[in-house]
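Inspection log for the structure reproduced underneath, given as structure tokens.
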């Protein structure tokens, strides 16, 4: 089998935020004093120039500005980057361009400017519409500011936007989780990300867990109840924590989960590129700290590491992504994206089917409801040797 390069995305990491949330394990840094927006855009473009030889001739299907809090960056900086990137790379017509935004970091008038710069999708990090929950999460906004920010974006012409919500929050009941969804539905988002609070290593919450986190059974009740509410409201689940109206799935994240390729630029950004000419899959990441990144961007010194994914690891990597999707995967896609023949995973597939974790549907292998509940156990079937 030969490796066929899949669709290509561009991930851009903007690392600063107003205040680091106690549950956050992303590469984010509290901004102190004026932020170096112009210098950082220069660094991003230099970083992109350095990685371009990995993707000569390929078309970018999606762009995603993640953080940190990308909406801290003025629209002029986003515009300058997109103009520079589109001069270096071919962008697909109508490419999805997403900007993460947090209420409280976008003033009136900025959404129109983001839209003029080419951003056509927004992702609002709201997490909850309950002011008490927001305070316990360390968020800088309240529910009123969250609703106002979404409405400002709608006034600016955005109808393709996501609302991020978390459940099993400190002090949260089932009724409160339901109320969060009702408040979200009233704003008519195209997409809802709905995921459970987890205590990630190296976070404040992991070191000092807050009181009142619902137990495992209560969290499971919230998940099942909220999934039903989302379905009733017209949001179809297509991934473990992602729900969308018809045709409004996040194309960028779908490319991740289908084991697509992506350039990762910016401080701490990770990328994955298939190099079909020599059947290699390369993972590359950049140094995390913004100061070091600004000094080294565009040189080998900015690269935190390169990791070639050997064939033995590819089945596990592929399934770690694809089995998050309700749609599962097709065997021919596995072969194209990994460069491996389908028979290499036949024993693991049969084991998954025998345990009731996988099922065959026409030409697809899909995770069952039980398989989605036991994702870690399911994916572990594909570990090497």
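The numbers here are math on the coordinates, done by the rules we state, and not lab data. Owing to the predicted nature of the structure, the values given are computational and were not obtained by experimental measurement. Ideal geometry is used to build each Cβ from the backbone, glycine not excepted, and the neighbour counts take in all protein chains shown.
When N counts the residues of the chain, how does its alpha-carbon radius of gyration compare numerically with 2.2 N^0.38 Å, as a ratio?
The chain yields a ratio of 0.99.
How big is the C-alpha Rg of segment 1-137 next to the rule-of-thumb value 2.2 N^0.38 Å, as a ratio?
On the way: Rg = 16.4 Å, N = 137, 2.2 N^0.38 = 14.3 Å.
Here the Cα radius of gyration is 1.15 times the empirical estimate.
Report Rg/Rh for segment 221-369, rounded to two decimals, where Rg is the Cα radius of gyration and Rh the Kirkwood radius.
Reported Rg/Rh (Cα atoms, Kirkwood Rh): 1.05.
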Cα centroid separation, segment 224-283 to segment 284-321 (Å)
19
Estimated 222 nm signal from helices in the chain, with DSSP H stretches of n ≥ 4 weighted -39500 (n - 2.57), rounded to 500
-10500 deg cm²/dmol
One finds, for residue 232 and residue 30 with R0 = 41 angstrom and r their Cβ-Cβ distance, a FRET efficiency to the nearest 0.05 of 0.55
Compute the distribution of all C-alpha to C-alpha distances in segment 148-191, in bins of 10 Å from 0, and list the percent of pairs in each, rounded to whole numbers.
25, 47, 23, 4
Cα-Cα pairs above 19 Å in segment 312-380: how many percent?
20
So, in nm, how far is label residue 363 from label residue 283 when the simple model puts each one 7 Å beyond its Cα toward the Cβ?
3.0
Cα-projected label distance for residue 20 with residue 92, points at 7 Å along beta-carbon direction, nm
3.6
Just need the relative contact order of the chain here, percent rounded to a whole number, with Cα pairs under 8 Å and 6+ apart.
19
Rounded FRET efficiency, nearest 0.05, which uses the C-beta distance separating residue 215 from residue 140 and R0 of 25 Å:
0.30
Rounded to one decimal in nm, the spacing of the 7 Å Cα→Cβ label points at residue 245 and residue 292 is 4.4
Equivalent ellipsoid, segment 30-74 (semi-axes from 5 times Cα gyration tensor eigenvalues, Å)
26, 14, 7
For segment 142-202 and segment 1-48, compute the distance between their C-alpha centroids and round to whole Å.
23
